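The next block holds one structure in the form of structure tokens; read it before the comments.
The values are calculated or read from the model by the stated rules, or taken from the named source; none is laboratory data. None of these values were measured; they are calculated from a predicted model. Positions of Cβ are generated from backbone atoms using ideal geometry, with glycine treated the same way; all protein chains shown enter the neighbour counts.
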Amino acid sequence: MGYFIRVLSTSADCVPLAALNDELKKVKLGGTLSGDAAETRPWEQLVLTHSDGREIASIECNIVEPGSLGSEELSEFSTEVADYKPANAARWLCEYFARVKCIYAFQLLSGTDHKHGWEILGAIKNRIWSFAPSILQADNEGFSNEDGYHILWQFSDAVEGDWWMGVLQGERWRHFQMDLANRAHRAAFFNGQIPDGAKLA
């Protein structure tokens with residue numbers, strides 16, 4: 001089972017391949033896209049590669065409709081997040097899932113860690129994310145809100161480093177940077193609070 005990053009979009013319109021290729025031209029890092037795109041229908045699967053042919057990621061576009069893979073993923077996510085913290089973020093996500101019309105799944109391949117692989121991947125991911133109101137999900141990490149701030153704790157207990165987070169207070173998201181290894185910071189975040197001393201966005 002590979003490692004996946006996903007964009008959960010509220011638009012059922014697949015991001016045009018031309019727009020993604022334009023983004024690659026802007027960053028000028030040598031990435032290319034190939035796959036099943038055609039003028040008469042939207043793409044369903046693409047492969048992002050370096051100019052030397054090493055594969056960075058496989059990208060699938062899954063429309064959410066009854067019986068689809070996208071619909072099954074959303075059902076699994078709803079069950080999965082129910083027991084994670086903060087509790088109000090989990091509830092917000094379950095409500096948000098009802099608005100999701102398309103899921104873009106990026107399976108990371110060996111070329112991600114080669115040369116500028118992460119930057120090339122990030123350019124495509126961000127272009128898709130900005131196409132319509134969307135949230136992000138990463139395996140073994142959790143979900144973001146529409147602003148890209150991390151809102152649900154699904155990290156391992158051994159995680160460390162600084163991370164930009166968001167907590168929902170009333171109807172408003174408040175954003176800050178926390179030390180993931182700091183137990184007091186974790187406890188505050190789990191309770192939907194900004195940790196003492198945290199850097200505000």
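For the stretch 1-19, which positions are at pLDDT 95 or above and not in a loop (DSSP other than H, G, I, E, B)?
Those that are at pLDDT 95 or above and not in a loop (DSSP other than H, G, I, E, B): 4, 5, 6, 7, 8, 9.
Take the conditions of a type in the set (A, V, I, L, M) and in contact with a strand residue (DSSP E or B) (Cβ under 7 Å, 6 or more places away or on another chain) and apply them to residue 74. Does it pass?
No: the conditions fail for residue 74.
Being of a type in the set (Val, Ile, Thr) and more than 11 Å from residue 131 (Cα to Cα) is the filter here; which residues of the stretch 3-22 pass it?
From the stretch 3-22, those of a type in the set (Val, Ile, Thr) are 5, 7, 10, 15; that's our starting set.
Residue satisfying the conditions is 5 alone.
Please determine, by comparing only the residues of the stretch 121-135 that are among the small types (Gly, Ala, Ser) and over 12 Å from the mean Cα position of the chain (by Cα), which one is nearest to residue 47 (Cα to Cα).
Filtering first and then ranking leaves 123.
Results for (1) aliphatic (A, V, I, L, M); (2) under 17 Å from residue 109 (Cα atoms), shown as yes or no for each residue.
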| position | (1), (2) |
| --- | --- |
| 9 | no, no |
| 24 | yes, no |
| 42 | no, no |
| 45 | no, yes |
| 55 | no, yes |
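Name the helices (runs of 4 or more DSSP H) wholly inside the stretch 61-141 in which the number of residues that are modelled with pLDDT under 95 is 2 or more.
Because the criterion is at least 2 residues that are modelled with pLDDT under 95, the helices (runs of 4 or more DSSP H) in the stretch 61-141 that meet it are 69-81.
Please count how many residues of the stretch 20-60 are surrounded by 13 or more Cβ atoms within 10 Å (Cβ to Cβ), assigned to a loop (DSSP other than H, G, I, E, B) and of a type in the set (Gly, Ala, Ser).
Matching residues across the stretch 20-60 total 3.
Name the residues in the stretch 147-181 that are surrounded by 15 or more Cβ atoms within 10 Å (Cβ to Cβ), within 18 Å of the chain's Cα centre (by Cα), without any contact (Cβ under 8 Å) to a residue 60 or more places away in the chain and not in a strand (DSSP E or B), would you?
The answer is 148, 149, 155.
On the given criteria, is residue 136 crowded, with 18+ Cβ neighbours inside 10 Å and in contact with a Ser or Thr (Cβ under 8 Å, 6 or more places away or on another chain)? Spell out the reasoning first.
Working: crowded, with 18+ Cβ neighbours inside 10 Å: yes; in contact with a Ser or Thr (Cβ under 8 Å, 6 or more places away or on another chain): yes.
It is true that residue 136 is crowded, with 18+ Cβ neighbours inside 10 Å and in contact with a Ser or Thr (Cβ under 8 Å, 6 or more places away or on another chain).
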